[in-house]
Amino acid sequence: MKPILISAAVALVVSILFTPYLIRVFSRQGFGQEIREEVQGQHSAKRGTPTMGGMAILVAMWCGYLVTHLVMGDQPTATGLLVLGLTTALGIVGFLDDFIKIRKQRNLGLNKTAKLVGQLVASVLFAILAIQFPNRNGVTPASVDLSFLRDITVISFGAVGFVIFAYIAISGWSNAVNFTDGMDGLAGGTAAMVLATYVLISFWQLRNDCFGAGPAPGCYTVRDPLDIAVVAAAAMAACVGFLWWNAAPAKIFMGDTGSLALGGLLAGLSMATRTELLMIIIGGVFVVEALSVVLQIVVFRTTRRRLFRMAPFHHHFELAGWAETTVIIRFWVLAGISCMFGVGLFYADWLALAR
């Protein structure tokens, strides 16, 4: 428990203190957000608000993780470094996207091909490395089996299939969080809840590790559950610290730097904890936001009509007359419900097997 608390405390302090520094620097440099034409009326006042604030989340995560290992006197694990590496790689892709938007003074940064290539490279590297580095028990950071509450051994992708699956999952989650990042604090607050859920899940897996003293029924075959909890705790606290400045009215936006990074982090955590399908429930708000975009495109191309007033889904309610803060808080409530339901399923599975 101590490493988790240290990680969260360090990341929270760094995030809260480093974010206003970025606000001052980015404001002086003119690194302001461009606003989509479709929402100019509702969000025109936000034009010019500093963006790329996801840098603060990434720096705080790394500080929380590294300081924890320094204080505890142990070495970082393969799982922790791989998940953080994936998060950082996608953060770099997002940074390039944000930087191009700022330089060209438009709301479109990297083209679709460039962004997909960036996600592809990060995903493939992570997937290949994640099925290497077995520990003394032969457990690797990720598994080639599909997982829900634990590995479903009858559904195995094989090495090549897992790389393809990892790309789909990582690009899907990074884009889903990116779609959600359209209102002050919406993505950051939702991500913080999902990450808090993963702190609980990975800590529970640590307490019920199959390779501990006297493994019991319902135990978990996960490599480095404590380090996963440390990473999740650092990310959760980093999001909370950033939210202090990102809550409405936002003084800085996370930008694609933060949203793509957080999406990759969630995908990485789900694979490391063997809960890939459970993440669909825990991250239900992100799933709905992504589906709203897909459905809007499909319906418009087939019928030339719009299913929603605007996609992603949060803008539909805003155009229906809901205040921005109302949409944000209600989506946070839905995110909390999704997280509680996911934890309930996770615990119920362990309880059924442990009896």
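The values are calculated or read from the model by the stated rules, or taken from the named source; none is laboratory data. Computed from a predicted model, the values in this text were never measured in an experiment. Note that each Cβ is placed from the backbone with ideal geometry, even for glycine, and that neighbours are counted across all protein chains shown. Protein only, heavy atoms only, side chains kept; ligands, DNA and RNA dropped before computing areas. Shrake-Rupley method; radii C 1.70, N 1.55, O 1.52, S 1.80 Å.
Exactly one residue among VAL71, VAL39 is of a type in the set (Val, Ile, Thr), surrounded by fewer than 18 Cβ atoms within 10 Å (Cβ to Cβ) and at pLDDT below 95, and that residue is VAL39.
Tell me whether segment 151-167 contains one or more residues that are in a helix (DSSP H, G or I) and buried (at least 24 other Cβ atoms within 10 Å of the Cβ). Yes - at least one qualifying residue is present in segment 151-167. Comparison of LEU291, LEU319, LEU295 shows that the only residue that is touching a Phe, Trp or Tyr at 6+ places or on another chain (Cβ under 9 Å), of a type outside the set (S, T, N, Q) and farther than 24 Å from LEU262 by Cα is LEU319. Assessment of segment 237-255 against the conditions (without any contact (Cβ under 8 Å) to a residue 60 or more places away in the chain, on the phi < 0 side of the Ramachandran plot and either open to solvent by 10 Å² or more (accessible area, probe 1.4 Å) or part of a helix (DSSP H, G or I) (or both)) yields at least one matching residue. Among the residues of segment 74-94, those identified as open to solvent by less than 70 Å² (accessible area, probe 1.4 Å), closer than 30 Å to GLY30 by Cα and hydrophobic (A, V, I, L, M, F, W, C) are LEU84, LEU86, ALA89, LEU90, VAL93. Selection of segment 107-143 for residues being under 25 Å from VAL177 (Cβ atoms), among the β-branched types (Val, Ile, Thr) and either in contact with a Cys (Cβ under 8 Å, 6 or more places away or on another chain) or modelled with pLDDT of 95 or more (or both) yields VAL121, VAL124, ILE128, ILE131. Taking segment 186-211 as the range and being buried (at least 24 other Cβ atoms within 10 Å of the Cβ) and not in a helix (DSSP H, G or I) as the test, no residue passes. The condition (being in contact with a Leu (Cβ under 9 Å, 6 or more places away or on another chain) and at pLDDT below 95) is satisfied by just one residue among ALA311, ALA320: ALA311.
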